[in-house]
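K.L.:
Would you mind keeping the following structure in view while I ask a few things?
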Amino acid sequence: MSEILKIEDMFVSYSDGTKALQGVRLAVQRGQRVGLIGPNGAGKTSLLLAIMRGVPFTGRVVVDGVELSRRTTDKVRSRCGMTFQDPDDQLFMPTLLDDVAFGPLNQGCHADIAETRAREVIAVVGLSGLENRCAHHLSGGQKRNATLATILSMEIKLLLLDEPGANLDARSRRRLIDILRLRDEAMLLATHDLGMVAELCQRVIVLDGGHVVVDDTCDVLNDSALLARYGLM
Amino acid sequence: MHHSYVDRFSQGDSPVHRLDARVKLAAVIAYTIVLISFNQYVVAALAPLTIAPLAMLWFGRVPVWFALRRVLLLCPFIAMLCLLSPLYDRGLQHVAFGPWRLDVTGGWLTATSIAVKFTLGLLALTVLTCTTPFPLLLEAMRKLRLPKLLVMQLGFLYRYIFVLIDQALRIRRGRDFRGAARAPTRRRLSAVGGMIGSLFVRTIERSERIYVAMCARGYSGEPHSLSQLRCRPIDGLFLAATGVYLVACRWLGPAVFF
């Protein structure tokens with residue numbers, strides 16, 4: 001199994017002096033689903049953003065054999081899909097259909113193919129019939145599913161999911177897990193939902209204070225002392 | 001404020017709703033050009049131009065009171081201009097109402113003309129926005145080759161203005177729930193300053209996140225979207241009829257209609 005993502009010595013600092021990530025090293029194999037957990041402010045979102053070059057960082061990031069740099073940003077972004085914590089940040093097009101087709105069209109898909117794919121993915125996430133709705137006409141759960149649809153419609157190899165289950169009711173959460181379980185892409189799932197990580201992921205990375213403190217199988221989720229130490233229970 | 005305030009009636013089904021958005025937009029642009037092409041002292045000749053927006057409101061099943069309320073809401077923007085006109089233009093003009101003739105200053109005629117043009121222009125815009133879903137309107141703008149940046153900004157404005165308003169309302173609720181009403185005026189004002197600042201910072205942060213989200217899905221400066229507009233023969237007929245009507249209004253005068 002080859003690596004789809006490799007991160008070496010990643011440091012992320014914000015202008016106010018906050019050190020979000022301090023020397024993170026990790027690798028994700030193709031098709032592997034990895035849970036990224038940690039207390040608030042541990043650096044989970046910063047890590048995902050840095051992989052998409054959404055925040056300035058130092059260190060080395062290699063996605064699908066392409067080293068991330070200013071020159072290769074577009075190439076790397078075309079291989080990753082990221083959902084954001086707040087769906088309103090991600091749904092910016094006038095209609096749901098336009099939003100889901102936005103990525104494929106930017107990847108050079110023909111309009112007809114993009115539309116067909118968008119409609120298929122909208123059906124997969126259970127939003128059929130809402131294609132021409134504007135984002136502000138969708139409920140919180142529907143918006144959350146719509147954000148997932150926006151990246152599932154693209155041809156990508158790595159899913160970066162930031163709190164995908166936040167604010168979802170039990171039924172929607174179950175549906176989300178079922179959808180993600182069927183995906184072949186590698187996945188980095190940043191969440192506080194340990195149940196979701198246990199069901200979906202083969203591996204868990206615990207971040208704390210910008211450091212990777214645990215990188216192990218999902219068995220660590222049964223270690224109450226460890227979870228308590230890092231404020232996860 | 002709820003999005004239904006802007007979107008109200010636009011999802012309806014009427015002959016006007018079914019017209020192609022491009023045709024409606026082109027008709028409103030042509031109507032506005034004809035409207036503003038009249039001389040500043042012309043008032044009576046504008047009368048035939050009231051027929052189109054009122055008829056479209058009726059055919060589009062949009063209540064006239066709703067359209068007029070919108071006009072009233074935006075009146076303050078034009079009121080100052082109207083009120084100042086009589087002060088600047090004091091030259092006498094001869095006005096005839098059938099057999100009656102009277103002299104009024106040009107300023108009053110200008111003020112009346114501005115008010116009538118403003119009302120009619122806004123009525124036409126209201127017809128357009130109340131009978132066309134905003135996403136289709138944006139697409140029509142793109143198809144009619146309006147500046148891409150402008151269309152994109154309008155799209156973002158439509159998408160995020162309600163998010164922003166909701167955020168402002170939540171901040172205000174947060175303030176009110178902590179007894180802001182009992183606070184002295186100075187502290188209340190200082191809280192308002194903080195709220196505006198907080199909203200501004202949150203808006204900038206959100207815009208940055210949106211841009212990252214766009215880039216993450218391959219945006220490179222060229223907006224793409226799927227086309228949903230279809231032109232039918234009835235649309236061509238409507239456009240031709242609008243052209244004839246506007247030519248008659250502009251060059252043949254009120255006598256043709258009344």
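The values are calculated or read from the model by the stated rules, or taken from the named source; none is laboratory data. Quick caveat, the model's predicted, so the values are computed rather than measured. Quick reminder, even Gly has a Cβ in these numbers, built from the backbone with ideal geometry, and neighbours come from all protein chains shown.
K.L.:
Got at least one residue in region B:195-212 being within 12 Å of another protein chain (Cβ to nearest Cβ) and assigned to a loop (DSSP other than H, G, I, E, B)?
P.N.:
no
K.L.:
While we're on this one: Just checking, which of A:VAL55, A:VAL24 is surrounded by 16 or more Cβ atoms within 10 Å (Cβ to Cβ), at pLDDT 95 or above and assigned by TED's automatic domain parsing to the domain that holds A:LEU227?
P.N.:
A:VAL24
K.L.:
Please note which helices (runs of 4 or more DSSP H) are completely contained in region B:1-80 and include at least 2 residues that are under 25 Å from B:GLY155 (Cβ atoms).
P.N.:
B:4-7, B:15-18, B:21-36
K.L.:
Go through the residues of region A:60-81 one by one and say whether even a single one is part of a helix (DSSP H, G or I), more than 9 Å from chain B (Cβ to nearest Cβ) and either over 20 Å from the mean Cα position of the chain (by Cα) or touching a residue at least 40 places away in the same chain (Cβ under 8 Å) (or both).
P.N.:
No, the conditions are met nowhere in region A:60-81.
K.L.:
In the set A:ASP89, A:ASP98, which member is of a type in the set (Asp, Glu), at pLDDT below 95, buried (at least 19 other Cβ atoms within 10 Å of the Cβ) and in contact with a helix residue (DSSP H, G or I) (Cβ under 6 Å, 6 or more places away or on another chain)? Steps first, answer last, please.
P.N.:
On the way: A:ASP98 fails: in contact with a helix residue (DSSP H, G or I) (Cβ under 6 Å, 6 or more places away or on another chain).
A:ASP89 is the lone residue from the list that is of a type in the set (Asp, Glu), at pLDDT below 95, buried (at least 19 other Cβ atoms within 10 Å of the Cβ) and in contact with a helix residue (DSSP H, G or I) (Cβ under 6 Å, 6 or more places away or on another chain).
K.L.:
To continue, here is another question. For region A:102-130, name all the residues that are part of a helix (DSSP H, G or I) and either of a type outside the set (A, V, I, L, M, F, W, C) or more than 22 Å from B:LEU136 (Cα to Cα) (or both).
P.N.:
Scanning region A:102-130 gives A:GLY103, A:PRO104, A:ASN106, A:ASP112, A:GLU115, A:THR116, A:ARG117, A:ARG119, A:GLU120, A:VAL121, A:ALA123, A:VAL124.
K.L.:
Mind counting the residues in region A:153-178 that are within 25 Å of A:ARG77 (Cβ to Cβ) and touching a Leu at 6+ places or on another chain (Cβ under 8 Å)?
P.N.:
Pass one, region A:153-178, residues within 25 Å of A:ARG77 (Cβ to Cβ): A:153-166, A:176.
Among the residues that remain, those that are also touching a Leu at 6+ places or on another chain (Cβ under 8 Å) are: A:158-162, A:164-165, A:176.
Final tally of qualifying residues: 8.
K.L.:
State all residues of region A:85-101 that are within 8 Å of chain B (Cβ to nearest Cβ), in a helix (DSSP H, G or I) and farther than 17 Å from B:GLN153 by Cβ; if no residue qualifies, say none.
P.N.:
Hits for region A:85-101 are A:ASP88, A:ASP89, A:GLN90, A:LEU97, A:ALA101.
K.L.:
Further question on the same structure: How many residues are in contact (Cβ under 8 Å) with a residue 60 or more places away in the chain and within 10 Å of another protein chain (Cβ to nearest Cβ) when one looks only at region A:126-157?
P.N.:
Residues flagged as in contact (Cβ under 8 Å) with a residue 60 or more places away in the chain and within 10 Å of another protein chain (Cβ to nearest Cβ) within region A:126-157 amount to 5.
K.L.:
So, one more: Quick one: what pairs do we get from region B:151-167, first residue facing another protein chain (nearest Cβ under 10 Å) and touching a residue at least 12 places away in the same chain (Cβ under 8 Å), second loosely packed, with under 15 Cβ neighbours inside 10 Å and not in a helix (DSSP H, G or I), C-beta under 8 Å, 6+ apart or different chains?
P.N.:
Cβ pairs passing all conditions: B:PHE162/B:MET1; B:PHE162/B:HIS2.
K.L.:
Quick one: which residue in B:GLY253, B:GLY236, B:GLY218, B:GLY197 is at pLDDT below 75 and not charged (D, E, K, R)?
P.N.:
Result of the check over B:GLY253, B:GLY236, B:GLY218, B:GLY197: B:GLY253.
K.L.:
Checking the conditions here, which among A:ALA42, A:ALA123, A:ALA118, A:ALA114 is in contact with a Leu (Cβ under 8 Å, 6 or more places away or on another chain), of a type outside the set (Phe, Trp, Tyr) and more than 10 Å from chain B (Cβ to nearest Cβ)?
P.N.:
Details: A:ALA123 fails: in contact with a Leu (Cβ under 8 Å, 6 or more places away or on another chain); A:ALA118 fails: more than 10 Å from chain B (Cβ to nearest Cβ); A:ALA114 fails: more than 10 Å from chain B (Cβ to nearest Cβ).
Checking each option against the conditions leaves just A:ALA42.
K.L.:
Show the residue pairs meeting these rules: Cβ distance below 7 Å; 6+ apart or different chains; first residue within region B:98-112 and more than 16 Å from B:LEU81 (Cβ to Cβ); second residue hydroxyl-bearing (Ser, Thr, Tyr) and in a helix (DSSP H, G or I).
P.N.:
Sorted first by the residue in region B:98-112, then by its partner, the list stays empty.
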